[in-house]
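All remarks here apply to the structure that follows.
The numbers here are math on the coordinates, done by the rules we state, and not lab data. Treat the numbers as computed from the prediction; the structure is a model and nothing was measured. Here the Cβ is made from the backbone with ideal geometry for all residues, glycine too, and neighbour counts use every protein chain on show.
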Amino acid sequence: MRRFLEWSAHRGAALLAGGIFVGLFVPPLASAMRDVVTPVVFCLMTLVLLRVDPAQVLAWLRRPVLVGLLLLWLLAACPVLAWAACAALGFEGPLAAALVIMATGCAATSSPAFARLVGLDGEISLVAAVLSTLLVPFTAPPLALGLMGIDLAISLPGLMLRLALLVGLPLLLSIGIRRVVAPAALARWGRAVDGAVVLLVVLYGFGVMDGILARMLEQPGFVLGGIALAFAGAFALNLATALAFAPFGGRVALSAGLLSGNRNMALYLAVLPAATDASILMFFALCQFPLFLSPFLLRPAYARLRPQAAG
């Protein structure tokens, strides 16, 4: 089992890229996995939090200006930029709202594993992913429901509570596991845990693809347009963030960009009610395409950029 999980971590980019298309083109599998999306997200967050090295977190927290600016950028500046871009382009409607909500999301829970897949710094990715995940219940709902005036068919306190539970319970569970499992054992199984994260992300991808193929056959223009918008939003956030954090060094900038482009839509899919606009929920599912494919698509670019960043 351990070797298989470590192999999964090594082949993570290919597994993620292949998994999203398996979920898309095998509807019975996607349908069977739909109801396990929330439990999978819970387990995924627990494993990622279990990979948090307190020493690494403390080391990065000794750079509070960088960490604080990164969190402020991810959770506040990016959604305002997305909103401003939509307003400037005259882009309105459910997809515009969904794009802004996407930008309010925390960094993807799997960001540290993704960073390692493309040779970037897993440490800053880990710290930013964990802290932004812990903060998003308090930042995203006011921005999405208040400042942006987006109706998600759920009250502000209700959304904050659901997000807080889905973040807080895995945190408590990971702390409990750390109390009973020796640090050496956790370190020894670290790469295997990364592999388990990859596999859980693949399972999550199966579930969120439920209904996508049918919608694509019925409304190909909407689905393909939504996928194009998801890629455009993800890559634009990646580029804008990398440029904004270039003064902190190339590797930090590239890692921050990857974080910003890969947002955790799993939380929203897990907590939003079924009454939420179907187009918004559909866009969140389509956001999995850039999330799953970016490690595979961007790996060659990062392979070229890393030496320049180090220089």
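Highest mean first, what order results for 132-141, 261-270 on Cβ atoms within 10 Å?
Details: 132-141: 20.7, 261-270: 25.2.
My ranking of the peptides, most packed first, is 261-270, 132-141.
What order, most packed first, do the peptides 168-181, 106-119 have when packing is the mean number of other Cβ atoms within 10 Å of each residue? Could you put the intermediate results ahead of the total?
Working: 168-181: 13.4, 106-119: 26.1.
The packing order, highest mean first, is 106-119, 168-181.
In Å, the Kirkwood hydrodynamic radius of the chain over pairs of distinct alpha carbons?
Details: mean 1/r = 0.0515 Å⁻¹.
19.4 Å is the Kirkwood radius here.
Round to a whole angstrom and tell me the spacing of the C-alpha centers of the range 161-219 and the range 238-287.
Centre-to-centre distance over Cα atoms comes out at 17 Å.
For the range 196-311, what does the relative contact order come out to in percent, with C-alpha contacts under 8 Å and a separation of six or more?
Dividing the mean separation by the residue count of the range 196-311 yields 28 percent.
At 1.306 mPa s and 10 °C, plugging the Kirkwood radius over alpha-carbon pairs of the range 5-103 into Stokes-Einstein gives what diffusion coefficient in µm²/s? Present the calculation step by step, with values, prior to reporting the outcome.
Working: Rh = 17.5 Å.
Stokes-Einstein gives a translational diffusion coefficient of 91 µm²/s.
Send over the per residue convex hull volume for the range 259-311, Cα only, as a whole number of Å³.
Working: hull volume 3.9 nm³, N = 53.
Spread over its residues, the Cα hull of the range 259-311 gives 74 Å³ apiece.
Using only DSSP helix segments of four residues or longer, with each worth -39500 (n - 2.57), what per-residue ellipticity at 222 nm results for the chain after dividing by its residue count and rounding to 500?
Details: 19 runs with 244 residues, N = 311.
Calculated mean residue ellipticity at 222 nm is -25000 deg cm²/dmol.
When only Cα pairs under 8 Å and 6 or more residues apart are kept, what is the percent relative contact order across the chain? It would help to have the intermediate numbers written out before the result.
Working: 432 pairs, mean separation 107.1, N = 311.
With pairs under 8 Å counted, the relative contact order is 34 percent.
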